[in-house]
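Visitor: Structure below; questions to follow.
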Amino acid sequence: SNFSYIRGLGYHVPERVYTNADLEKFVDTTDEWIVSRTGIKQRHVVENETCLDLTFEATQKALKDSGMEADELTHILVATFTADTVIPSAACLLMEKLGLSNRIPMDISAACSGFVYALEVARALICLHPDSKILVCGCEILTSRVNWEDRSTCVLFGDGAGAVILTAENCQNSGKVIDVLLSSEGEGETLNVRGGGSAYPYKLGDTVGENHFIQMQGRSIYRKAVRSMSAISLEILAKHGFTTEDVDVLIPHQANMRIIEAVGKKLEIPSEKVFSNVERFGNTSAASIPIALAEAKEVGVIKNGDLVLLATFGGGLTWGSTLIQF
Ligand code: ACO
């Protein structure tokens, strides 16, 4: 068959927590504003940890969950735009830390949608090479690209990593990835991180400028995110003969509670079937979907037999959906 199966899931976030009250101390904002506009109450922020530390911990948990050993992995995909270094890639560093070599490590860049894009790449690899055992991580140290003096962005983001292991073999407790749909619109004004790119190179002696930081037009992102995630969710359901009533758990990209609720509403999926943890983690970009998926499974929100719908949206612009039968 052409199906891939999720054999194990795990996530990891840094120890340190910034509550909204903590942010009030260094930027002109209030807990009330942040909660009412975004639903976010706290976010985890790295202190000494890096992308490598978080992907390593998330991977250990996914391996344990799958009952597999690191040695069995054939490919390592990391969705991120905040790897420890430009070269080597996050995936190469992770391979080394796992004590492996001669695997196929690569990073995938699709901003917040990176994990779902990486899942599609992993599925294609499994079709070509059915013996593959593929680690797919989403990790972001977004706070390294946050301007802590800009209240309109700094309250939104957090750091974290999530990981899944994908194989062609079914197994007890595994999730069958029925399909992934991807879409995009090349458009860089509403959401970007420019600094360090070859059009905006850093020069010796530069101090950090605005371009180093994530910049976005919040209102426009909000509208596009709701519209795109809803449309591509309906498309994947229809393609496989499902309706929104068949969905047991909807996991939208955890950007903002209002976006999550609006997508649920548009799809007419009751709120108790819409999973969110944005309240505790903020927007962790490429890590948001795998963290939410791993947590929902861990706490029993996702049960055996459940049909799970993922919907994502991010910079690029990129978006996508995924159907998984647990
Ligand atoms: N605390 C207090 N006031 C603030 C803050 C803050 N942290 N941030 C902005 N404000 C002020 C603004 O200055 C503005 O004041 P003004 O009217 O005097 O100019 C006022 O609040 C309203 O600002 P808006 O931007 O209009 O507020 P809005 O209701 O649109 O909410 C938000 C802003 C939360 C960013 C919203 O647009 C949103 O959620 N957008 C989606 C963005 C997002 O989630 N991006 C994540 C990255 S993209 C992704 O992950 C896919």
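Visitor: What are the residues in region 188-238 that are part of a helix (DSSP H, G or I), surrounded by 11 or more Cβ atoms within 10 Å (Cβ to Cβ) and of a type in the set (D, E, K, R), if any?
Guide: ARG223, LYS224, ARG227, GLU235
Visitor: Okay, next question. Pairs please, first residue from region 250-270 and touching a residue at least 60 places away in the same chain (Cβ under 8 Å) and crowded, with 18+ Cβ neighbours inside 10 Å, second anywhere and assigned to a strand (DSSP E or B) and not charged (D, E, K, R), Cβ atoms under 6 Å, 6+ apart in sequence or on different chains.
Guide: LEU250/VAL274; LEU250/LEU309; ILE251/LEU310; PRO252/ALA311; HIS253/THR312; HIS253/PHE313; ALA255/ASN283; ILE260/PRO252
Visitor: Right, here's the next one. Name the residues in region 213-249 that are touching a residue at least 40 places away in the same chain (Cβ under 8 Å) and charged (D, E, K, R), would you?
Guide: LYS224, GLU235, LYS239, ASP246, ASP248
Visitor: Given (1) in contact (Cβ under 8 Å) with a residue 40 or more places away in the chain; (2) outside any strand (DSSP E or B); (3) surrounded by 15 or more Cβ atoms within 10 Å (Cβ to Cβ), where does LEU135 come up short, assuming only one miss?
Guide: Of the numbered conditions (1) in contact (Cβ under 8 Å) with a residue 40 or more places away in the chain; (2) outside any strand (DSSP E or B); (3) surrounded by 15 or more Cβ atoms within 10 Å (Cβ to Cβ), the odd one out for LEU135 is (2).
Visitor: Which condition breaks for ASP248 when tested against (1) touching a strand residue (DSSP E or B) at 6+ places or on another chain (Cβ under 9 Å); (2) within 15 Å of the ligand (Cβ to nearest atom)?
Guide: (2)
Visitor: When the residues of region 12-24 are narrowed to those that are surrounded by 15 or more Cβ atoms within 10 Å (Cβ to Cβ), not acidic (Asp, Glu) and not in a loop (DSSP other than H, G, I, E, B), which ends up farthest from the ligand (Cβ to nearest atom)?
Guide: Going through the qualifying residues, I end up with HIS12.
Visitor: Just one of (1) within 16 Å of the ligand (Cβ to nearest atom); (2) of a type in the set (A, V, I, L, M); (3) touching a Cys at 6+ places or on another chain (Cβ under 8 Å) trips up LEU142, so point out which.
Guide: Single failed check for LEU142: (3).
Visitor: Still on this structure, I have one more. Which one is nearest to ARG43 (Cα to Cα), of the residues in region 266-276 that are outside any loop (DSSP other than H, G, I, E, B) and away from the ligand (no atom under 16 Å from the Cβ)?
Guide: The first filter runs over region 266-276 and keeps only residues outside any loop (DSSP other than H, G, I, E, B), leaving 266, 271-274.
If we keep only those that are away from the ligand (no atom under 16 Å from the Cβ) too, we end up with 271-274.
Numbers: SER271: 23, GLU272: 23, LYS273: 23, VAL274: 20 Å.
Among those that are outside any loop (DSSP other than H, G, I, E, B) and away from the ligand (no atom under 16 Å from the Cβ), it is VAL274.
Visitor: Does region 278-300 contain any residue that is surrounded by fewer than 19 Cβ atoms within 10 Å (Cβ to Cβ) and farther than 28 Å from THR143 by Cβ?
Guide: So far as region 278-300 goes, yes, one or more of its residues are surrounded by fewer than 19 Cβ atoms within 10 Å (Cβ to Cβ) and farther than 28 Å from THR143 by Cβ.
Visitor: Does LEU323 count as in a strand (DSSP E or B), of a type in the set (A, V, I, L, M, F, W, C) and either over 16 Å from the mean Cα position of the chain (by Cα) or surrounded by fewer than 24 Cβ atoms within 10 Å (Cβ to Cβ) (or both)?
Guide: Here the answer is yes, as LEU323 does meet what is asked.
Visitor: For VAL27, state whether it is among the aliphatic types (A, V, I, L, M), within 16 Å of the ligand (Cβ to nearest atom) and outside any loop (DSSP other than H, G, I, E, B).
Guide: It is false that VAL27 is among the aliphatic types (A, V, I, L, M), within 16 Å of the ligand (Cβ to nearest atom) and outside any loop (DSSP other than H, G, I, E, B).
Visitor: Say we look at region 168-224 and pick out the residues that are of a type in the set (Asp, Glu) and within 22 Å of the chain's Cα centre (by Cα); which of these is farthest from the ligand (Cβ to nearest atom)?
Guide: ASP179
Visitor: Output the number of residues of region 277-307 satisfying the condition of being assigned to a loop (DSSP other than H, G, I, E, B), within 13 Å of the ligand (Cβ to nearest atom) and either in contact with a helix residue (DSSP H, G or I) (Cβ under 7 Å, 6 or more places away or on another chain) or farther than 17 Å from HIS253 by Cβ (or both).
Guide: Total satisfying the criteria: 1.
Visitor: Residues of region 239-249 being surrounded by fewer than 19 Cβ atoms within 10 Å (Cβ to Cβ) and assigned to a loop (DSSP other than H, G, I, E, B), which ones?
Guide: Result: HIS240, GLY241, PHE242, THR243, ASP248.
Every number here is computed from the coordinates shown, using simple stated rules; none is lab data. All values reported here derive from a predicted model rather than from experimental measurement. Positions of Cβ are backbone-derived with ideal geometry, glycine not excepted, and every protein chain shown enters the neighbour counts.
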